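One structure below.
The values are calculated or read from the model by the stated rules, or taken from the named source; none is laboratory data. This is a predicted model, so every value here is computed, not measured. We place every Cβ from the backbone using ideal geometry, glycine too, and count neighbours over all the protein chains shown. Side chains included, ligands, DNA and RNA excluded: accessible areas come from the protein's heavy atoms. Shrake-Rupley method; radii C 1.70, N 1.55, O 1.52, S 1.80 Å.
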Amino acid sequence: MTSNDEYVLEVLQRRGTVSPEQAAHARGAIGENGITALDFLVQDGHVAESDVLDAIAEEFGLLKVDLKDVDIPSDVREKVPADIARRYRVMPVSRNDSGIVVAMTDPLDFDALDTLRHVLDCHVEGAVATPLDIKAALDRYYPVESDMEAMLNQITDGTVELSVTGTEDMVQDGDATDSDAPIIRLVHLIILEAYRNRASDIHLEPMEKRFRVRYRIDGVLHEVDSPPKRLQLAIVSRVKIMASMKIAEKRTPQDGRIQVNIMGRELDLRVSTVPSNHGESVVMRILDKQNLALGLPQLGFFADDQQIFERLIGLSDGILLVTGPTGSGKTTTLYACLGTINRPDRKIITVEDPVEYQMSGINQVQVRSDINFTFAAALRSILRQAPNVIMIGEIRDVETATIATEASLTGHLVFSTLHTNDAPSAITRLLDIGVKPFLVASSLRAVMAQRLVRSICEGCREEYKPTDHELRLLGQAAEQMQQTQLYRGHGCKRCSLTGYKGRKGIFEIFVLTDEIQRMIFETVSATDLRNRAREMGMRTLREDGLRKVIAGVTTLDEVIRVTMGDAD
């Protein structure tokens, strides 16, 4: 119900509204059916929602508003755009000389209030109202159905052309009946809006009472206007038809692919379905083929790091690893490397699961676990094809790692990925899965850890001073940042009021020298490797991120967010 349920529970106990036993029972119910402690107390009738709001209003000196009895003038409503009102679940109720008053579903969400003050560029004061009243007011003053209908009416047959890869006997667009047409248009709309908003993923999530649609934009999920719950089954079925999946099979996960042509631009949608409590959850990963044209500068390399990396990918043998969590851009970096060294005099073979992008001039092999065609089995086969360069989607086991190291020692350049938090930890990871230390030391040339940070929107960039909280989080680097001019995005239409548009990489390049190889052979710890590498000039992820903050590429907040585990 609020961002600080625990404090509100204490307030209710002090007022005698809730007994200590009831509060303890509510705390024990946290997480059940996705409800909070306050929700549990309200649903079980231990406390009325009005009593909770009265307690919050009196404790924090907030105005309590009954939206059913308030007629909100148009000049007040115009102060808050519809998308902002719905995103933050707020309803403007009045204005004064200093700003506006908004009723909130979560009156203790002070971060949301700060964001609203920044986005609306005026003072915003919170008021208390019930979630149901705010929802009713939003539906009344910012109607969704009419907006959705208007967008649906804009869709024409030629806006989104869908051609589906798969079996020849699957249902195509032309087989749909007239009654299916609205659902087809709605699915087209969801895909089109995701493309227009630069989304990397589309999430269709069945909830108990609604069907939620979210887009992942620049690495952050944003909820958008969702279709009615009654259309859930039809929408999921339509997506499964397009992705060549079995419509009748709802008990097991499925994977598929959709090829989309949007206004002359070819996209691939990798589709995954998973059964959940309230239906099948669908995620569509949008793979833009134009990303294949990315060069190393577009990834976010500065000139010095780019020079080091270009030298590494120009080697004739050895292993180059790219590490980071899921969604950190490892695959994009590997494809950019292959695109840089893809020449007629080199034979390049990749082993992937799945093949995300199809690249001209490169032999790409798809792993098939259902027929026991694993990474290791594929590697054994492709080595007989006499390649110069091999790219392995991911090193997951000792067999794959051993074959990769042996291939690198016999004159092949091998690219691959690992899931580790930093570059030196890749050494420990390889040793843990069973690769011999002498093989790691003699075959590995370098490891690059990376993260993605959101880039400042050029349309609304402004200067600002770092907050005390940001400086405390920076630790030793705080003094340097305090003396530097920093930038952030104010928020505009180009960036959907986020202040960010696009993403760039921050990198930690760990090059293996003779001394590092000796340390690996002696199986020293990852901490010792990291410390020695830093003494020899390796920049950490945070240090590279701070360089990009100083250059005005990203914000201090972004770098702190993605490098919270990075030691000073």
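Which of the strands (runs of 3 or more DSSP E) contained wholly in segment 249-319 include at least 3 residues that are over 22 Å from the mean Cα position of the chain (by Cα) and charged (D, E, K, R)?
Passing ranges: none, list empty.
Filter segment 227-248 for residues that are farther than 14 Å from Pro206 by Cβ and assigned to a helix (DSSP H, G or I) and give the result.
Arg238, Ile241, Met242
Quickly run through segment 52-85 and pick out the residues that are touching a residue at least 24 places away in the same chain (Cβ under 8 Å), open to solvent by less than 60 Å² (accessible area, probe 1.4 Å) and within 15 Å of Pro107 (Cβ to Cβ).
Those that are touching a residue at least 24 places away in the same chain (Cβ under 8 Å), open to solvent by less than 60 Å² (accessible area, probe 1.4 Å) and within 15 Å of Pro107 (Cβ to Cβ): Val52, Leu53, Ala55, Ile56, Ala57, Leu62, Val65, Leu67.
Yes/no matrix, rows are residues, columns are (1) on the phi > 0 side of the Ramachandran plot; (2) modelled with pLDDT of 90 or more; (3) surrounded by fewer than 16 Cβ atoms within 10 Å (Cβ to Cβ):
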site: Thr323; (1), (2), (3): no, yes, no
site: Leu338; (1), (2), (3): no, no, no
site: Asn342; (1), (2), (3): no, no, yes
site: Ile348; (1), (2), (3): no, yes, no
site: Ser360; (1), (2), (3): no, no, yes
site: Gln366; (1), (2), (3): no, no, yes
site: Phe375; (1), (2), (3): no, no, no
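Can you spot a residue in segment 396-403 that is in contact (Cβ under 8 Å) with a residue 40 or more places away in the chain and either in a helix (DSSP H, G or I) or in contact with a Phe, Trp or Tyr (Cβ under 6 Å, 6 or more places away or on another chain) (or both)?
Checking segment 396-403: not a single residue is in contact (Cβ under 8 Å) with a residue 40 or more places away in the chain and either in a helix (DSSP H, G or I) or in contact with a Phe, Trp or Tyr (Cβ under 6 Å, 6 or more places away or on another chain) (or both).
Mind counting the residues in segment 1-16 that are surrounded by fewer than 17 Cβ atoms within 10 Å (Cβ to Cβ), modelled with pLDDT of 75 or more and either basic (Lys, Arg) or within 11 Å of Phe60 (Cβ to Cβ) (or both)?
Within segment 1-16, residues that are surrounded by fewer than 17 Cβ atoms within 10 Å (Cβ to Cβ), modelled with pLDDT of 75 or more and either basic (Lys, Arg) or within 11 Å of Phe60 (Cβ to Cβ) (or both) number 2.
List pairs: first in segment 420-435 and over 15 Å from Ala533 (Cβ atoms), second of a type outside the set (A, V, I, L, M) and open to solvent by less than 50 Å² (accessible area, probe 1.4 Å), Cβ under 7 Å, 6+ apart or cross-chain?
Between residues of segment 420-435 that are over 15 Å from Ala533 (Cβ atoms) and residues that are of a type outside the set (A, V, I, L, M) and open to solvent by less than 50 Å² (accessible area, probe 1.4 Å), the close pairs are Arg429/Thr420; Leu431/Pro437; Val435/Thr402; Val435/Thr405.
Restricting attention to segment 86-116, report how many residues are surrounded by 15 or more Cβ atoms within 10 Å (Cβ to Cβ) and in contact with a His (Cβ under 7 Å, 6 or more places away or on another chain).
Residues in segment 86-116 being surrounded by 15 or more Cβ atoms within 10 Å (Cβ to Cβ) and in contact with a His (Cβ under 7 Å, 6 or more places away or on another chain): 1 in total.
Of all helices (runs of 4 or more DSSP H) completely enclosed by segment 38-98, which ones contain at least 2 residues that are within 14 Å of Leu120 (Cβ to Cβ) and within 35 Å of the chain's Cα centre (by Cα)?
Fully inside segment 38-98 and qualifying: 74-77, 82-88.
For Thr420, all conditions in the list (1) over 23 Å from Met536 (Cβ atoms); (2) not hydrophobic (A, V, I, L, M, F, W, C); (3) not in a helix (DSSP H, G or I) hold save one; what is the number of the exception?
(1)
Residue under question is Thr273, and the condition is that it be out of contact with any His (no Cβ under 6 Å at 6 or more places or on another chain), under 17 Å from Ile183 (Cβ atoms) and of a type in the set (Ser, Thr, Tyr); does it hold?
So Thr273 passes the test.
Only one of Thr410, Thr400 is crowded, with 19+ Cβ neighbours inside 10 Å and over 30 Å from Gly552 (Cβ atoms). Can you tell me which?
Thr400
Scan segment 251-273 and tell me whether some residue there is out of contact with any strand residue (DSSP E or B) (no Cβ under 8 Å at 6 or more places or on another chain) and over 30 Å from Lys493 (Cα atoms).
For segment 251-273, residues out of contact with any strand residue (DSSP E or B) (no Cβ under 8 Å at 6 or more places or on another chain) and over 30 Å from Lys493 (Cα atoms): absent.
Since Asn531 meets every condition but one in (1) out of contact with any helix residue (DSSP H, G or I) (no Cβ under 7 Å at 6 or more places or on another chain); (2) of a type outside the set (Asp, Glu); (3) touching a residue at least 12 places away in the same chain (Cβ under 8 Å); (4) under 22 Å from Met519 (Cβ atoms), which condition does it not meet?
For Asn531, the exception is condition (3).
Looking only at segment 439-461, decide whether some residue is modelled with pLDDT under 90, assigned to a strand (DSSP E or B), open to solvent by 10 Å² or more (accessible area, probe 1.4 Å) and not hydrophobic (A, V, I, L, M, F, W, C).
Within segment 439-461 (the criterion being modelled with pLDDT under 90, assigned to a strand (DSSP E or B), open to solvent by 10 Å² or more (accessible area, probe 1.4 Å) and not hydrophobic (A, V, I, L, M, F, W, C)), the answer is yes, since at least one residue qualifies.
Which condition number does Ser360 fail, the rest of (1) more than 30 Å from Val119 (Cβ to Cβ); (2) not in a loop (DSSP other than H, G, I, E, B); (3) not aliphatic (A, V, I, L, M) being met?
Checking Ser360 against (1) more than 30 Å from Val119 (Cβ to Cβ); (2) not in a loop (DSSP other than H, G, I, E, B); (3) not aliphatic (A, V, I, L, M), the one that fails is (2).
Go through (1) open to solvent by 30 Å² or more (accessible area, probe 1.4 Å); (2) under 21 Å from Gly502 (Cα atoms) and name the single condition His203 misses.
Failed condition: (1).
Which residue, of Thr563, Thr554, Thr523, Thr540, is open to solvent by 50 Å² or more (accessible area, probe 1.4 Å) and modelled with pLDDT of 85 or more?
Thr523
Quick check on my filter: what residues within segment 320-351 are in a helix (DSSP H, G or I), hydroxyl-bearing (Ser, Thr, Tyr) and within 19 Å of His412 (Cβ to Cβ)?
Tyr335, Thr340
Ile349: farther than 26 Å from Asp201 by Cα and in contact (Cβ under 8 Å) with a residue 40 or more places away in the chain, yes or no?
In short, yes.
For Ala181, state whether it is at pLDDT 55 or above, open to solvent by less than 50 Å² (accessible area, probe 1.4 Å) and over 29 Å from the mean Cα position of the chain (by Cα).
Spelling it out, Ala181 is indeed at pLDDT 55 or above, open to solvent by less than 50 Å² (accessible area, probe 1.4 Å) and over 29 Å from the mean Cα position of the chain (by Cα).
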